[in-house]
Amino acid sequence: MAQLTGSQRGAYVQAMFTRIAHRYDLVNRLMTFGQDQALRGRVIALAELKAGERFLDLGTGTGDLAFAGLQATPDLAQAVGGDFTLEMMRVGRNRAPGRRVRWSATDALNLPFPDQTFDAITSGYLMRNVGDLDRAWAEQLRVLRPGGRVVCLDTTPPARNWLAPFVRFHMRFVIPTLGRLITGASDAYKYLPETSVGFLEAGALADRMRRIGFEAVTFERAMLGTHAIHFGRRPR
Ligand SMILES: C[S@@+](CC[C@H](N)C(=O)[O-])C[C@H]1O[C@@H](n2cnc3c(N)ncnc32)[C@H](O)[C@@H]1O
């Protein structure tokens, strides 16, 4: 399934997240040994949100990054959580902070926002799922105001070092087994490691961002090199 592109990939991804929505957060915490929340904290720190700004969390799922943004900067003018899987957002909306987020049915490949709407855009574990990576970056660039920031958290193909066998074991056996036991959807939790291995290496992803038009592009690796956080800015 990881080899699907375009709208076929979109339909597959949407159906998969609809099935696992109710258990998504629990599996996430277990899969990352609880570190996913610390990574989201780092994403929000890099986004440098300020009072009165407009903030979009794209591929928001159950809204963890949108909530973290609001917690860090409660007086944002707007915090939008956008996703094309309504069931994921429904789970998020039913949580206490869900009321402050503006939930928006949003396809990352066709953002339903005018040019230069947002001061900052974050995404967590979105970009390796999209059917057309360049288009997803171009859409984010379009809706950012000049000088606006983009911060992207995702997994990155594991490095070839002494940890590689352990990372492979975690991805091939631990994640699919946890996913099957907790959600009953073993195919979904095979797809996730497959897309991690097949995704662009962090340096190549940064190059793609530069090619699309972002400047000041940097990235840092996290969680033993299995995750990367990319930062970029729309030129002024
Ligand atoms: C792995 S979840 C991540 C959710 C959340 N950002 C987090 O950090 O936990 C990926 C989310 O991206 C969404 N997604 C994937 N492709 C998308 C697209 N083309 N447009 C909008 N949302 C998309 C899925 O519906 C899903 O909710």
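Observations on the model:
- Dividing the helix sum by the residues of the chain, where each DSSP H run of 4 or more adds -39500 (n - 2.57), gives a mean residue ellipticity at 222 nm of -12500 deg cm²/dmol.
- A Förster radius of 22 Å combined with the Cβ-Cβ distance from R142 to A222 puts the calculated FRET efficiency at roughly 0.20.
- Gain in span if fully extended, T177 to D75, counting 0.36 nm per residue against the direct Cα distance: 32.6 nm
- Within the chain, longest stretch free of exposed chymotrypsin sites (Phe, Trp or Tyr not before Pro) [DSSP loop, at most 16 other beta carbons within 10 Å]: 34-161
- For G148, residues with placed amide H under 5 Å, excluding near neighbours: R234
- Rounded to the nearest 5, the antiparallel percentage of DSSP beta bridges internal to the chain is 40%.
- Debye-sum result for the chain in log10 I(q)/I(0), which assumes one identical scatterer on each alpha carbon, at q = 0.09, 0.12 Å⁻¹: -0.34, -0.62
Laboratory data are not the source of any read-out in this text; all were calculated from the coordinates shown. Keep in mind that what you see is a predicted model, and the values were worked out from it rather than measured. No Cβ is skipped: glycine too gets one built from the backbone with ideal geometry, and neighbour counts run over all protein chains shown.
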